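The values are calculated or read from the model by the stated rules, or taken from the named source; none is laboratory data. From a predicted model like this one, the values you see are computed outputs, not experimental measurements. For neighbour counting, all protein chains shown are included, and Cβ atoms are generated from backbone atoms with ideal geometry for every residue, glycine included.
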Amino acid sequence: MARIVIVSFRLGGNDGVSIESAKWTRALTSLGHEVTTVAGEGPVDVTLRGLAIGSPVAPTFDDLEAALGGADLVIVENLASLPLNVGARDVLYEVLEGRRALFHHHDLAWQREHLAGLEGPRDRDGWYHVSINEISRRELAQRGIEATTIMNSFDCDPPLGDRRAARSALAVTSEVVALMATRAIARKNVAGALELCRELAATLWLLGPAEDGYGHELDQLIASQGVNVLRGLPAGLDIADAYAASDLVVMASTWEGFGNPVLESVTHRRPLALFAYPVAREIMAYGFEFFELDQVDAISHFIERPDGGVFERNLTIAREHFNVNQLSGRLAVLLETIGVSSEALSSPESRSPG
């Protein structure tokens, strides 16, 4: 059994990094490893406020070193990939010198125009890297960092939501509801989703909050489009209810490190209309049948007469390539490759970098 610490800005929330990190935690625990979570925010085992995005003060070396303790492996979730707290990242790099670490890259600074000037991930002996898409793996390789790709994984048999209760809570009856299960920030392209809903005469349900100062622009955008928009998840409902209540999932983003709603639309058996952002094209190459945002007539026809065969074919692909039940096996192979196993970590000496 290895002692593994997972560290990030925030964990335990509804953001993509937190959701995927929780899946890794469950998979690693199922393999018999002891997992501790450390973050600046969220329901974690150890809270260090200095790790949080926007914290004015970074954690001290001693505090972070104590939080990592005698870990055999430290998994860094995006904290060095998208350095939104540069001070915390720099202290983490210091603490990780001479330790075995695995950097799980969900986003990379140069992939965001406003962050492109920030330093990318560093590499040292005993440090290993995982990307969640092939684009990032290739871009890391161009910068001299070798990474393994492990795409995000999903429960292919999720709980069934309550469509009737959810639509009642939303006060909708027969109208078409298009679910946008994301936050509202500029790159999510809410304008594209609104345009589709206007042409479909559909209601747009925007599940996540406005962030990064986008609230005023979002309010103006909604006011100008003449589309009925629902905001947030009513009390008592969960994500399964949201998918059950929807008739269409919309993923209009111009960029995502992955884009979990793409696969969630598959596992919840809902049609998807998306903008083919780069990683979406990577996912689509597996053979999924999705609509693009401008296929209004085809989308409308499908909503009126759903084709169950499309759902089944998409789900078959998801089970083969994106099934969360396969994650523990993939991580076991990865950990063996980098020298982390019950046998390899039976003594303190074996916890030094390979």
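So, of the residues in segment 162-184 that are under 21 Å from ASP15 (Cβ atoms) and in a loop (DSSP other than H, G, I, E, B), which turns out to be modelled with the highest pLDDT? Can you show your working first?
So in segment 162-184, the residues under 21 Å from ASP15 (Cβ atoms) come out as 179-184.
Filter once more, keeping what is in a loop (DSSP other than H, G, I, E, B): 181-183.
Numbers: ALA181: 96, THR182: 93, ARG183: 90.
Only one residue fits best here, namely ALA181.
Which ones in segment 55-80 are in contact with a strand residue (DSSP E or B) (Cβ under 9 Å, 6 or more places away or on another chain) and more than 28 Å from GLY32 (Cα to Cα)?
SER55, PRO59
Among the residues of segment 209-232, write down those that are part of a loop (DSSP other than H, G, I, E, B) and among the acidic types (Asp, Glu).
Correct list: GLU211, ASP212.
Filter segment 279-293 for residues that are in contact (Cβ under 8 Å) with a residue 40 or more places away in the chain and either loosely packed, with under 14 Cβ neighbours inside 10 Å or among the acidic types (Asp, Glu) (or both) and give the result.
GLU282
Restricting segment 137-151 to residues that are of a type outside the set (Gly, Ala, Ser) and not in a loop (DSSP other than H, G, I, E, B), which is farthest from the chain's Cα centre (by Cα)?
For segment 137-151, the residue satisfying everything is GLN142.
Residues checked against (1) outside the structural domain of GLU146 (by TED's automatic domain parsing); (2) surrounded by fewer than 22 Cβ atoms within 10 Å (Cβ to Cβ); (3) outside any strand (DSSP E or B):
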{"site": "PRO43", "(1), (2), (3)": "no, yes, yes"}
{"site": "VAL57", "(1), (2), (3)": "no, yes, yes"}
{"site": "ASP62", "(1), (2), (3)": "no, yes, yes"}
{"site": "GLU65", "(1), (2), (3)": "no, yes, yes"}
{"site": "GLY70", "(1), (2), (3)": "no, yes, yes"}
{"site": "VAL76", "(1), (2), (3)": "no, no, no"}
{"site": "ARG89", "(1), (2), (3)": "no, no, yes"}
{"site": "LEU92", "(1), (2), (3)": "no, no, yes"}
{"site": "ASP107", "(1), (2), (3)": "no, yes, yes"}
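Looking only at segment 18-35, decide whether some residue is part of a strand (DSSP E or B) and either buried (at least 21 other Cβ atoms within 10 Å of the Cβ) or touching a Leu at 6+ places or on another chain (Cβ under 6 Å) (or both).
Let us first name the residues in segment 18-35 that are part of a strand (DSSP E or B), namely 34-35.
Restricting the remaining residues to those that are either buried (at least 21 other Cβ atoms within 10 Å of the Cβ) or touching a Leu at 6+ places or on another chain (Cβ under 6 Å) (or both) gives 35.
Checking segment 18-35: at least one residue is part of a strand (DSSP E or B) and either buried (at least 21 other Cβ atoms within 10 Å of the Cβ) or touching a Leu at 6+ places or on another chain (Cβ under 6 Å) (or both).
Taking the criterion of being closer than 26 Å to TRP127 by Cβ and without any contact (Cβ under 8 Å) to a residue 24 or more places away in the chain, would at least one residue in segment 305-320 satisfy it?
Scanning segment 305-320, I find no residue that is closer than 26 Å to TRP127 by Cβ and without any contact (Cβ under 8 Å) to a residue 24 or more places away in the chain, so the answer is no.
Name, by its number, the condition in (1) among the β-branched types (Val, Ile, Thr); (2) at pLDDT below 95; (3) closer than 24 Å to LEU82 by Cα that does not hold for ILE150.
ILE150 satisfies all of (1) among the β-branched types (Val, Ile, Thr); (2) at pLDDT below 95; (3) closer than 24 Å to LEU82 by Cα except (2).
When the residues of segment 156-169 are filtered to those that are under 12 Å from TYR243 (Cβ atoms) and under 24 Å from the mean Cα position of the chain (by Cα), which remaining residue is surrounded by the most Cβ atoms within 10 Å (Cβ to Cβ)?
The selected residue is GLY161.
Quick check: anything in segment 313-324 at pLDDT 95 or above, of a type in the set (A, V, I, L, M, F, W, C) and out of contact with any Cys (no Cβ under 9 Å at 6 or more places or on another chain)?
Taking every residue of segment 313-324 in turn, at least one turns out to be at pLDDT 95 or above, of a type in the set (A, V, I, L, M, F, W, C) and out of contact with any Cys (no Cβ under 9 Å at 6 or more places or on another chain).
Condition first: crowded, with 16+ Cβ neighbours inside 10 Å and either part of a helix (DSSP H, G or I) or more than 20 Å from the chain's Cα centre (by Cα) (or both). Now tell me which residues in segment 94-105 satisfy that.
VAL95, LEU96, ARG99, ARG100, ALA101
Looking at the structure I just gave you, is TYR214 among the aromatic types (Phe, Trp, Tyr) and modelled with pLDDT of 95 or more? Steps first, please.
Numbers: among the aromatic types (Phe, Trp, Tyr): yes; modelled with pLDDT of 95 or more: no.
It is false that TYR214 is among the aromatic types (Phe, Trp, Tyr) and modelled with pLDDT of 95 or more.
With (1) out of contact with any Ser or Thr (no Cβ under 6 Å at 6 or more places or on another chain); (2) assigned to a strand (DSSP E or B); (3) farther than 22 Å from ASN260 by Cα as the list, and VAL5 as the residue in question, which single condition is left unmet?
Only one criterion is unmet by VAL5, namely (1).
Quick check, is ARG124 assigned to a loop (DSSP other than H, G, I, E, B) and among the basic types (Lys, Arg)?
So ARG124 fits the description; yes.
When you go through (1) touching a strand residue (DSSP E or B) at 6+ places or on another chain (Cβ under 6 Å); (2) free of Cβ contacts under 8 Å to residues at least 24 places away in the same chain; (3) in the same structural domain as ASN228 (by TED's automatic domain parsing) one by one for ALA171, which number turns out not to apply?
(1)
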